[in-house]
Amino acid sequence: MATLLDLTSQGDVATITDDAYLNRTLQLMDPQQLYALWERQQWRSQEIDLERDKEDWAELSDEAKEEHLWGLSSFFVGEERVTTQFSGLVMAYEDEQEEAFLTTQQVDEARHMQFFDRWFREVAGGDGGIRDRLAASRADVTDAFVELFDDRLVKMGERLIADPSDMDAKVDFITTYHMVIEGTLALTGLHFMLDYYEKNELLPGFAEGFANIARDEHRHVAYGTWFLQQKCGEERYRARVRETLNELLPLAAGVLVPKGYSVGDEYEFFGYTSQEQAEFAYSALSRRLKVIGVPLATATV
C-alpha cells in the first residue's frame, strides 16, 4: 500500500494528483513524523553557489529586474514577518512532539529570510544591513500585504502569546498562517516562479534555494492540515475556519496583484495569467480543506 509520502510532496495533500484519495479519513503525517522528515532534509542558506546568478542578473534589463524584485520582495519581507510572529504558536504546543516540530518551523522561516537577504545582498546589490534591505523591499509590497502580515497576523500572534491555551486563537492562527499565507500565497508564488526559472535556466542558485524553501513550506502546510483535521471534528472549529477564510481570502488575493493592477484585473506575472494563478491556489486550498472536512464553498481566491 502506498504511503502518504509516496503520494505527496512532504505530506501536503494539495500535491496529490488523484482526488480519489482525498477525504477526511486520510491518515495524515503527525508532528513527530514531520519532525523526523525535517531532520533528513537540512540545507545551508549560506553555501548555495550564487556566482551564475550574478552573471544572469547583470544581463537582465532594468524592466526585467523590476519584475523579479517585485516578486522576491514579497517573499523576503514575508519570511521576516512569519519568523517574528511564530513564537505564540510555539508556546501553544499541546505535547512534546508538536513542540519539537513547531520549533523546526520557526528555524526554517529564519533560514528562508537569511537566504533571501544573502541573495539580495550578493546578487541584487542591496546596501546596508538586513534591516536596510528589508526596508527597501517593503517599497514593493501591496497594501493588502501590509494588512495581512503586519496587522492581522501580528494580532493573532499576540492573542496566542497572551493565552497559549486559547484553542480558538490557535485555530485562527493556523488557518491564517498555514492555509492562507503559506498554502495559498507562498506556495502559489513558489510554484510559478520556480517553473519560470527552471524553464529559462535563469538564476540557478536562487532556484536551488527557492526549491528548498518550497519543500519546507509543503512540510509546514502538512502540519497545518493535520492540526485542523484533528480539531474540525467539532462544528465550532469548522465554523471558525470558514469564517477566517471568508474574511481573509479576498485580502490575500490583493497580495498577489502586481503594481498597476487591481483585484479582478487580468494580468501576467512571470509569463502566467492571473487566472492560472487563481486556479492553482483555489485547487490546492480546496484539496486541503476537503481532507480537513471544511469544503471551500463561498470563499474564493
When restricted to Met167, Met193, the only residue more than 28 Å from Val257 (Cβ to Cβ) and touching a residue at least 24 places away in the same chain (Cβ under 8 Å) is Met167
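Here is a yes/no grid of residues against (1) touching a Gly at 6+ places or on another chain (Cβ under 6 Å); (2) among the hydrophobic types (A, V, I, L, M, F, W, C); (3) open to solvent by 10 Å² or more (accessible area, probe 1.4 Å); (4) touching a residue at least 24 places away in the same chain (Cβ under 8 Å):
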site: Glu182; (1), (2), (3), (4): no, no, no, yes
site: Glu201; (1), (2), (3), (4): no, no, yes, no
site: Phe206; (1), (2), (3), (4): no, yes, no, yes
site: Phe210; (1), (2), (3), (4): no, yes, no, no
site: Ala222; (1), (2), (3), (4): yes, yes, no, yes
Return yes or no: is Leu228 in contact with a Leu (Cβ under 9 Å, 6 or more places away or on another chain) and open to solvent by 10 Å² or more (accessible area, probe 1.4 Å)? no
Could you identify the single residue in Ala239, Ala214, Ala253 that is open to solvent by less than 70 Å² (accessible area, probe 1.4 Å) and touching a helix residue (DSSP H, G or I) at 6+ places or on another chain (Cβ under 6 Å)? Ala214
Which fully enclosed helices (runs of 4 or more DSSP H) of the range 42-122 have 3 or more residues being in contact with a His (Cβ under 9 Å, 6 or more places away or on another chain)? 62-84, 96-122
Which of the numbered conditions does Leu296 fail, given that it passes all the others? Conditions: (1) touching a residue at least 60 places away in the same chain (Cβ under 8 Å); (2) of a type in the set (A, V, I, L, M); (3) assigned to a loop (DSSP other than H, G, I, E, B). (1)
Looking for something aromatic (Phe, Trp, Tyr) and crowded, with 17+ Cβ neighbours inside 10 Å - is there at least one such residue anywhere in the range 17-34? no
Which pairs do you get when a residue that is closer than 14 Å to Trp119 by Cβ, found in the range 60-89, comes within reach of a residue that is among the basic types (Lys, Arg) and open to solvent by 50 Å² or more (accessible area, probe 1.4 Å), reach meaning Cβ atoms under 9 angstrom, with the pair 6+ apart or on two chains? Ser73/Arg138; Val77/Arg138
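The values are calculated or read from the model by the stated rules, or taken from the named source; none is laboratory data. Given the structure is predicted, the values throughout are model-derived calculations rather than measurements. Please note: Cβ atoms are built from the backbone with ideal geometry, for glycine as well, and neighbour counts cover all protein chains shown. Please note that ligands, DNA and RNA were not included when accessible areas were found on the heavy atoms of the full protein model with its side chains. Shrake-Rupley method; radii C 1.70, N 1.55, O 1.52, S 1.80 Å.
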